[in-house]
Amino acid sequence: MTMLVTTKTIPQVQSIPKPGGSLLAPPHTTLLTALQLFEAEAAAPRSALDLGCGSGADTLELLNRHWHVVAVDSAPEALATVLTQAPVRCMARLTTKLTAFEDLQASQLPPFDLVNASFSLPYCAAAHFGQLWTEVRQMIRRNGRFCGHFLGLSDDANKASGMSLHSLPDVFALFAGFEVEMLNGVETDKAQSDGSVKHSHVISVVARKK
């Protein structure tokens, strides 16, 4: 089942070449959509927080588009991968920060034009999500954007203790004071190697702070 609310043209997603010719996972469509919206406004490259940056596909896309990026993750190996992948010419625009979601504080970071959270927010413990979201909202400048993903209540992750899942009304409530520019909810079933079937419910959002 797919649900789509207010969307703009979705850009093509391509993998990023790594040094040596192999491919890094492509940047997420939510990020590409947000960048397209900034470019439509003739906005110059600005500053972004990549929250839960993982192996850094989104961080590298931002750097390649001349953004200044703070890449945050709780896993040292993730940040090490980002630093390994980032081109030398981009290093002056990259800052890495090792921290857990529950320790993230807006007061310790500058405001950002973009907060990107690709499939990271669901891994914030439910008990800490409210405080994390308060901090995220504070980090985004007026007319800045959020792009990222939430997991819906029907996702199989709902069986995992402590993860943060949200209903569609929950997600809309999170973006009070924002213009929701894209909201796309998709539910899929995927066969696993052990013969089981995993049900996923992903809610993708791009929103501009008013």
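The values are calculated or read from the model by the stated rules, or taken from the named source; none is laboratory data. Just so you know, these numbers come straight off a predicted model, no measurement behind them. In this analysis, Cβ positions are derived from the backbone assuming ideal geometry, glycine residues included, and neighbour counts consider all displayed protein chains.
Any idea which residue in region 25-47 is surrounded by the fewest Cβ atoms within 10 Å (Cβ to Cβ), counting only those that are of a type in the set (A, V, I, L, M, F, W, C) and in a helix (DSSP H, G or I)?
Taking region 25-47 as the starting set, the residues that turn out to be of a type in the set (A, V, I, L, M, F, W, C) are 25, 31-32, 34-35, 37-38, 40, 42-44.
Now narrow it down to the ones that are in a helix (DSSP H, G or I): 31-32, 34-35, 37-38, 40.
On the way: Leu31: 28, Leu32: 21, Ala34: 28, Leu35: 25, Leu37: 18, Phe38: 21, Ala40: 10.
Taking the candidates together, the pick is Ala40.
With the condition kept exactly as written, say whether any residue in region 184-204 is touching a helix residue (DSSP H, G or I) at 6+ places or on another chain (Cβ under 8 Å), modelled with pLDDT of 95 or more and surrounded by 21 or more Cβ atoms within 10 Å (Cβ to Cβ).
Yes, region 184-204 contains at least one residue that is touching a helix residue (DSSP H, G or I) at 6+ places or on another chain (Cβ under 8 Å), modelled with pLDDT of 95 or more and surrounded by 21 or more Cβ atoms within 10 Å (Cβ to Cβ).
Only residues that are closer than 18 Å to Asn116 by Cα and not in a strand (DSSP E or B): list them for region 178-210, please. Spell out how you get there, then give the answer.
If we filter region 178-210 for residues that are closer than 18 Å to Asn116 by Cα, which is where we start, we get 178-185, 202-210.
Result: Lys210, single match.
Does Arg46 satisfy the criteria of being among the basic types (Lys, Arg) and touching a residue at least 12 places away in the same chain (Cβ under 8 Å)? It would help to see each step written out before you state the result.
Numbers: among the basic types (Lys, Arg): yes; touching a residue at least 12 places away in the same chain (Cβ under 8 Å): yes.
Taking the combined requirement at face value, the residue satisfies it.
Looking only at strands (runs of 3 or more DSSP E) that lie completely in region 52-133, which have at least 2 residues being out of contact with any Leu (no Cβ under 7 Å at 6 or more places or on another chain) and more than 22 Å from Phe175 (Cβ to Cβ)? Show your work before the answer.
Details: elements: 68-73, 94-98, 112-117.
Answer list for region 52-133: 94-98.
Please indicate, with yes or no, whether at least one residue in region 152-163 is of a type in the set (Ser, Thr, Tyr), crowded, with 19+ Cβ neighbours inside 10 Å and more than 18 Å from Arg208 (Cα to Cα). Quick ask: steps written out before the conclusion?
First, pick out the residues of region 152-163 that are of a type in the set (Ser, Thr, Tyr): 154, 161.
Then keep just the ones that are crowded, with 19+ Cβ neighbours inside 10 Å; that gives none.
No, region 152-163 has no match at all.
Scan region 129-152 residue by residue and report those that are in contact with a helix residue (DSSP H, G or I) (Cβ under 9 Å, 6 or more places away or on another chain) and over 21 Å from His28 (Cβ atoms).
First pass over region 129-152, keeping only residues in contact with a helix residue (DSSP H, G or I) (Cβ under 9 Å, 6 or more places away or on another chain): 129, 131-139, 145-152.
Listed by number, the residues that qualify are Gln131, Thr134, Glu135, Gln138.
Residue-wise test of (1) in a helix (DSSP H, G or I); (2) among the β-branched types (Val, Ile, Thr); (3) more than 25 Å from Ala40 (Cα to Cα).
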site	(1), (2), (3)
Glu135	yes, no, yes
Gln138	yes, no, no
Arg141	no, no, no
Phe146	no, no, no
Ser164	no, no, yes
Ala173	yes, no, yes
